[in-house]
Amino acid sequence: MKGFCLEVSGKNACFTRPEMKAERVSYDVITPSAARGIFEAILWKPAILWEIRRIEVLAPIRWESVRRNEVEKVASERSSGIFVEDDRQQRAGLFLRDVKYRLFAEFVFIPSELRSKVIRPLPEWLAHAEGGEECDVVNMSENRPDEKEAKYAAMFERRAKKGQTFHQPYFGCREFPVDFRLVSDPKADPPDPVPEELKGQRDLGWMLYDLDYSNPIDLQPLFYRPVMIDGVIDVEKFRAAANLPSARLSQLQFKEDAR
């Protein structure tokens, strides 16, 4: 499968450490799950799973302390509503600033028989229809014989070149938008030289890798311990060192268990 490279940048970023509780303190670099979210913002389909292979840090790691207003409650159907003036609180945050990365990823193509069923609410007139052209369209969308890896690869490349997204990608928090561009040939379009302070070896400690979605009722966090060498993190190497399953193995195992 052909891999893709995105060069992403932004004014601020916050990849929150879970151990910091209420205060927002970012990891030193982007997490694989946040990087995956950027690719999914450009193209997500039930037929593919994105896997981050490599992260290149292109800008020095800089910090910025910000105090901001947040709402302490979560709106839900069970609540009587939120009055911002009564439920506002101030929280401090330690964010990254002027970030820039190159993200390398591949997607895993999932055959139709191994996919999770997508539940889509349909209009009442269509849900209860018996036969007809409308029902044929719905059934065709569930299992298309023309689906190939190349189709989704071309779709992603086209969307990334045009800057098209399903939603605005962001660095950890929605108020930190991402600017991105597709790097078609990383060797012919190399990045700027590695900043002096990023040279050498740097242990980043235990970081969030992703969430285990095999049990939708009980999502489990997965952690790995990457080492950045001259600004480069070999995500695949340290994922394997932490004995974390790949997206392909996780998907197949989940389907086998479901059977």
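The values are calculated or read from the model by the stated rules, or taken from the named source; none is laboratory data. Keep in mind that this is a model prediction, so the values were computed, not measured. Every residue, glycine among them, receives a Cβ derived from its backbone with ideal geometry; neighbour counts consider all protein chains shown.
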Open item on the list: Just checking, does the range 12-27 include any residue being modelled with pLDDT of 95 or more and charged (D, E, K, R)?
Closed with: no
Open item on the list: Name the residue that is modelled with the highest pLDDT, counting only residues in the range 89-125 that are within 21 Å of the chain's Cα centre (by Cα) and of a type in the set (Ser, Thr, Tyr).
Closed with: 101
TODO: Determine which single condition residue 18 fails, assuming it passes every other condition in (1) over 25 Å from residue 244 (Cβ atoms); (2) surrounded by fewer than 20 Cβ atoms within 10 Å (Cβ to Cβ).
DONE: (1)
Open item on the list: Taking the criterion of being of a type in the set (Asp, Glu), in a strand (DSSP E or B), modelled with pLDDT of 95 or more and crowded, with 20+ Cβ neighbours inside 10 Å, would at least one residue in the range 44-60 satisfy it?
Closed with: yes
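From the residues in the range 176-200 that are more than 23 Å from residue 5 (Cα to Cα) and free of Cβ contacts under 8 Å to residues at least 60 places away in the same chain, which one is surrounded by the fewest Cβ atoms within 10 Å (Cβ to Cβ)? Outline the logic, then answer.
Residues of the range 176-200 more than 23 Å from residue 5 (Cα to Cα): 196-197, 200.
Filter once more, so that each one left must be free of Cβ contacts under 8 Å to residues at least 60 places away in the same chain: 196, 200.
Values: 196: 8, 200: 11.
Here the residue is 196.
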TODO: Output the residues belonging to the range 227-243 that are under 17 Å from the mean Cα position of the chain (by Cα) and over 12 Å from residue 56 (Cα atoms).
DONE: 236, 239
